[in-house]
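The values are calculated or read from the model by the stated rules, or taken from the named source; none is laboratory data. Values in this document were obtained by computation on a predicted structure and should not be read as measured data. FYI the Cβ positions are ideal-geometry reconstructions off the backbone, even for glycines, and counts take in every protein chain you see.
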Amino acid sequence: MERYDDAMCELAGCALETPGVVSAAIFMQPRTSAGLELAGAAGIEGEPLRLLAAAVADPNHPVARTFRDASAAFDVEPTAPGGPALRSHVPIFRLLDGRSVCVGVLAVAHEKPLSGPAREALHEVAARAGRLLAMGAV
């Protein structure tokens, strides 16, 4: 949570346009660390956001697992009480040396299971984040 990036906050806001999504956070792997750092958020702030950012440091947290496994997880129950009933996590990929590498995670909260088009929309937001990174805009 050391620094937010305006472009990542804007993308988190775009995730809120997905039907049912009430909050979004984007976590990125900093160049100087193996962990994940909060890069932007929308629909969540203050203590809940601080707690989420701290929880993601645990390698067993669902966001950390999504990053490690480089595989999306949809409609999962939260590990901590409070907030919306479900969470979904989408890996963010970037091309490095000709191969696709997971460099972050888009994490969203929602009340009901996400439809196919909603899942596709979140994959597109994650892809946009990867393209921004590739262009050096972040």
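Within segment 98-116, residues that are touching a residue at least 60 places away in the same chain (Cβ under 8 Å) and under 12 Å from GLU37 (Cα atoms) sit with their Cβ atoms under 6 Å from residues that are surrounded by 12 or more Cβ atoms within 10 Å (Cβ to Cβ) and of a type in the set (D, E, K, R), at 6+ positions apart or across chains, in these pairs: VAL103/ARG94. Taking ALA80 as the residue in question, decide whether it is within 19 Å of VAL21 (Cα to Cα) and either in a strand (DSSP E or B) or at pLDDT below 95 (or both). Criteria met by ALA80.
Within segment 33-49, being part of a strand (DSSP E or B) and among the hydrophobic types (A, V, I, L, M, F, W, C) holds for LEU38, ALA39, ALA41, ALA42.
Restricting the first member to segment 22-37 and to residues that are closer than 17 Å to ALA134 by Cα, and the second to residues that are among the β-branched types (Val, Ile, Thr) and part of a loop (DSSP other than H, G, I, E, B), the beta-carbon pairs closer than 9 Å and six or more apart or on different chains are PHE27/VAL56; MET28/VAL138.
If you filter segment 1-32 down to residues that are part of a loop (DSSP other than H, G, I, E, B) and among the acidic types (Asp, Glu), you find that the one that is nearest to GLY82 (Cα to Cα) is GLU17.
The set of residues in segment 70-93 being farther than 17 Å from ALA42 by Cα, surrounded by fewer than 18 Cβ atoms within 10 Å (Cβ to Cβ), in contact (Cβ under 8 Å) with a residue 12 or more places away in the chain and touching a strand residue (DSSP E or B) at 6+ places or on another chain (Cβ under 8 Å) consists of ALA70, SER71, ALA72, ALA73, PHE74, ASP75, VAL76, PRO78, ALA85. For the structure I just gave you, tell me whether ALA64 is of a type in the set (A, V, I, L, M, F, W, C) and not in a loop (DSSP other than H, G, I, E, B). Judged against the criteria, ALA64 is a match. Scanning segment 97-113 for residues that are in contact with a strand residue (DSSP E or B) (Cβ under 8 Å, 6 or more places away or on another chain) and over 15 Å from PRO62 (Cβ atoms) turns up SER100, VAL101, VAL103, GLU111, LYS112, PRO113.
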